[in-house]
1. Hey, among the residues in the range 110-131 that are modelled with pLDDT of 85 or more and not charged (D, E, K, R), which one's most open to solvent (accessible area, probe 1.4 Å)?
2. Given the criteria over 23 Å from Arg6 (Cα atoms) and open to solvent by 30 Å² or more (accessible area, probe 1.4 Å), does Gln41 qualify?
3. Do any strands (runs of 3 or more DSSP E) entirely within the range 2-86 hold 3 or more residues that are modelled with pLDDT of 90 or more, and if so, which?
4. Scan the range 1-21 residue by residue and report those that are β-branched (Val, Ile, Thr) and under 14 Å from the mean Cα position of the chain (by Cα).
5. Among the residues of the range 1-17, what is the count of those that are open to solvent by 50 Å² or more (accessible area, probe 1.4 Å) and under 18 Å from Val58 (Cα atoms)?
6. Select from the range 21-33 the residues that are of a type outside the set (Gly, Ala, Ser) and open to solvent by less than 90 Å² (accessible area, probe 1.4 Å) and write down the one among them that is farthest from Gly71 (Cα to Cα).
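The values are calculated or read from the model by the stated rules, or taken from the named source; none is laboratory data. From a predicted model like this one, the values you see are computed outputs, not experimental measurements. When the accessible area is computed, the model is the full protein with side chains, heavy atoms only, and any ligands, DNA or RNA have been set aside. Shrake-Rupley method; radii C 1.70, N 1.55, O 1.52, S 1.80 Å.
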Amino acid sequence: RKDESRTTYLFDIRTRNEFEACHLLGARHVVGGQLVQNLDQHVGTLGARIVLSDDDTVRASTTALWLRRMGWKQVAIAPITLDTKLEINEPPIHSPTPSDVQYIAPGELGKRLKEKNIFLIDLSSTCLESTP
């Protein structure tokens, strides 16, 4: 992960309860079958390195096999062992927000969309509804 020339994704593919009990530092939770079926929901960089972790490597090996069959060339397994540095009882790690992001109010966004001087790309897979 120290090589910043390419994107690396670290996934803990155990159950949610296993993940919440402890996980590799910086890992994100997703069950292996869901990762294979919905890879585009979890990996946004074509050709990225994917690292899978679990405690017996059986689930990681199976998931890695499927990802390799799907064309992902760099898939690795990071087993969780007694010597592994883990995060314990911590919430999942979320990507930090870049410091150069500029935020605008919803009304301003609507105005700029009408004026066609902004380009909006929605990458979410669900629509969020706001309630008064």
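1. Leu113
2. When the stated conditions are applied, Gln41 does not pass them.
3. Fully inside the range 2-86 and qualifying: 8-12, 49-53, 75-77.
4. Listed by number, the residues that qualify are Thr7, Thr8, Ile13.
5. The qualifying residues number 3.
6. If we take residues in the range 21-33 being of a type outside the set (Gly, Ala, Ser) and open to solvent by less than 90 Å² (accessible area, probe 1.4 Å), then Cys22 is farthest from Gly71 (Cα to Cα).
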